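Only one structure is covered here, and it is reproduced in the block below.
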Amino acid sequence: MGCRFVGINILRRCVSLFSTEVRRSDTTPWDAGSYQPALKEVLDDKALALPTECRALVPGCGRGYDAILIAKTLSLETLGIDVAPTAIAAAQE
């Protein structure tokens, strides 16, 4: 339990520092404006037996491009989450 608590505190501190830098620069550096091309390539590869009867989780989803792509391509119930205030605000636009 103690390791998990420390890990969460470290994550919160990193998010806080990153969010502060993003606010200062008024940018969203993780936002490429679309889904990740490598993800699209994997999802389109018919040689891979990707699941189609489960749920997907996309942590650190930003605006949700990858989560939307997974949901549409695989017809999965998909949950995108993010902890960065700037990312959450951008996703809500």
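The values are calculated or read from the model by the stated rules, or taken from the named source; none is laboratory data. Please read these numbers as outputs of a predicted model, since none were measured by experiment. Note that each Cβ is placed from the backbone with ideal geometry, even for glycine, and that neighbours are counted across all protein chains shown. Calculation scope for accessible area: heavy atoms of the full protein, side chains included, ligands and nucleic acids excluded. Shrake-Rupley method; radii C 1.70, N 1.55, O 1.52, S 1.80 Å.
Test of understanding: among Val6, Val42, which residue is open to solvent by 60 Å² or more (accessible area, probe 1.4 Å), part of a helix (DSSP H, G or I), modelled with pLDDT of 85 or more and among the β-branched types (Val, Ile, Thr)? Result of the check over Val6, Val42: Val42. Cβ-Cβ below 7 Å, separation at least six or inter-chain, first residue in region 33-44 and among the hydroxyl-bearing types (Ser, Thr, Tyr), second assigned to a helix (DSSP H, G or I): which pairs? The qualifying pairs are Ser34/Tyr65; Tyr35/Tyr65; Tyr35/Asp66; Tyr35/Leu69.
Among the conditions (1) farther than 22 Å from Ala91 by Cβ; (2) among the charged types (D, E, K, R); (3) within 10 Å of the chain's Cα centre (by Cα), the only one that Lys46 does not satisfy is (3).
Looking at Ala49, Ala67, which is the one that is in contact with a strand residue (DSSP E or B) (Cβ under 7 Å, 6 or more places away or on another chain) and either at pLDDT below 85 or part of a helix (DSSP H, G or I) (or both)? Step by step, each of Ala49, Ala67 is checked, and only Ala67 is in contact with a strand residue (DSSP E or B) (Cβ under 7 Å, 6 or more places away or on another chain) and either at pLDDT below 85 or part of a helix (DSSP H, G or I) (or both). Entry remark, region 46-92: residues being in contact (Cβ under 8 Å) with a residue 24 or more places away in the chain and acidic (Asp, Glu) number 1 in total.
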